[in-house]
Amino acid sequence: MDPFDRQKRIQGWKQDLIDEAVAVCFGVGGLGSVVSMNLCRMGVGRIILIDKDIVEIHNLNRQLLFSMKDVGRPKVTAAKEALELGHNIRSQIEEHQIDIVEKWSDVIRIIQGATVIFNMIDYGDYFDYAAQSLAIKLGIPLIQGGTFAQSMCVEYITARGQPCLLCGSDNAREEIIDQIRPEEILELENLNFLPKNSNPIGQSNTYLCGTCGMLMTAKYGEGIINSEDAQISNRTLFYVNTMESVNFGIEPKIGCKFCKYDA
Ligand SMILES: [Zn+2]
């Protein structure tokens with residue numbers, strides 16, 4: 001019996017594309033736990049987990065792959081173990097305990113062949129732009145999410161990369177953006193020059209992270225079901241306290257330095 005029989009029955013489902021997919025997870029925390037579990041259950045061919053952190057006690061309220069025994073262990077190691085024990089069907093799972101910002105050139109080497117990037121790093125807007133630039137250069141979709149108190153934002157940028165995350169920004173510093181353009185992004189040794197957002201310690205729980213990770217995976221699945229030509233880069237906001245959501249296309253900016261949007 002085929003473990004994927006029930007999903008193959010979904011209209012438009014393309015299991016062959018999922019079988020061959022190579023999914024990169026930047027971060028295996030609250031969102032990455034859920035996304036990587038889902039990728040296993042969908043049968044994604046190769047899942048590349050990258051995270052520098054170790055499991056800390058305050059992660060356990062929401063980072064579903066970890067339990068008390070994992071405190072003090074590398075997140076990628078604990079995550080791979082939990083996935084293999086509890087969720088994996090056929091995926092090849094790779095763990096890389098790497099500081100993505102400091103070891104960018106290693107990341108570039110590790111993710112060769114990637115077909116999608118899930119950006120779940122809580123570093124800041126400029127790191128998100130760098131991830132966007134990389135996805136544009138590789139011609140693959142970028143999916144990212146974040147939770148903010150009782151709300152969340154999930155973004156899907158198509159493999160065409162137009163419009164992109166940078167299109168939606170009016171105040172990104174040119175001298176930083178110029179260093180991480182798609183023309184440059186594969187050549188950088190590190191991203192230490194990127195400004196880091198100084199966010200307060202996040203408010204989060206298991207259903208905020210879980211829902212956001214589920215929505216990210218849903219965007220991935222729907223991106224495969226619907227042909228690329230029919231896709232537009234989009235953003236979804238979901239408010240847990242009112243259960244309201246709003247979905248809209250990302251606003252393009254003519255002449256964007258990343259996606260060269262030209263209407
Ligand atoms: Zn753009």
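Under the rule a/c < 1.5 gives rounded, and otherwise a/b versus b/c splits prolate from oblate, where does the stretch 185-251 land using the Cα gyration tensor?
Oblate shape, in that a/c is at least 1.5 and b/c is the bigger or equal ratio.
What list do you get for M243, M1, M214, M152 if you sort them by fewest beta carbons within 10 Å?
Working: M243 7, M1 4, M214 17, M152 24.
Arranged by neighbour count, lowest to highest, M243, M1, M214, M152 become M1, M243, M214, M152.
Can you classify the chain as rounded, prolate or oblate using the Cα gyration tensor, where a ≥ b ≥ c are the square roots of its eigenvalues, rounded means a/c under 1.5, and otherwise it's prolate if a/b beats b/c and oblate if not? Mind showing how you got there, number by number?
Details: a/c = 1.36, a/b = 1.17, b/c = 1.16.
Because its axes are fairly even, with a/c under 1.5, the chain counts as rounded.
How would you classify the stretch 38-123 from its alpha-carbon gyration tensor, with a ≥ b ≥ c the square roots of the eigenvalues: rounded for a/c under 1.5, else prolate if a/b is greater than b/c, otherwise oblate? The partial results should precede the final answer.
Working: a/c = 1.97, a/b = 1.12, b/c = 1.76.
Taking the square roots of the gyration eigenvalues as a ≥ b ≥ c, the stretch 38-123 is oblate.
For the residues T206, T158, T217, what sequence is obtained by ranking on other C-beta atoms within 10 Å, fewest first?
T206, T158, T217
Long-range amide H contacts for V116: which residues qualify at under 5 Å (H placed 1.01 Å from N, peptide plane, sequence gap of 5 or more or a different chain)?
Placed amide hydrogens put V22, V24 under 5 Å from V116.
Counting other Cβ atoms within 10 Å, keep those with at most 13, restrict to DSSP loop, and tell me which GluC sites (Glu not before Pro) in the stretch 103-198 are left.
Hits after loop and neighbour filter: E183, E184, E189.
Only counting other Cβ atoms within 10 Å, I'd like S67, S36, S169, S133 sorted with the fewest neighbours first.
Least crowded to most crowded, the residues run S67, S169, S133, S36.
Of the peptides 84-94, 56-66, how do they stack up when ordered by the mean number of other Cβ atoms within 10 Å, highest first?
On the way: 84-94: 14.6, 56-66: 18.0.
Highest mean packing first, the order is 56-66, 84-94.
Here, each number is a calculation from the coordinates, and none is a lab measurement. This structure is a prediction, so every number in the text was calculated from the model and none was measured. Note: ideal-geometry Cβ built from the backbone for every residue, glycine included; neighbour counts use all protein chains shown.
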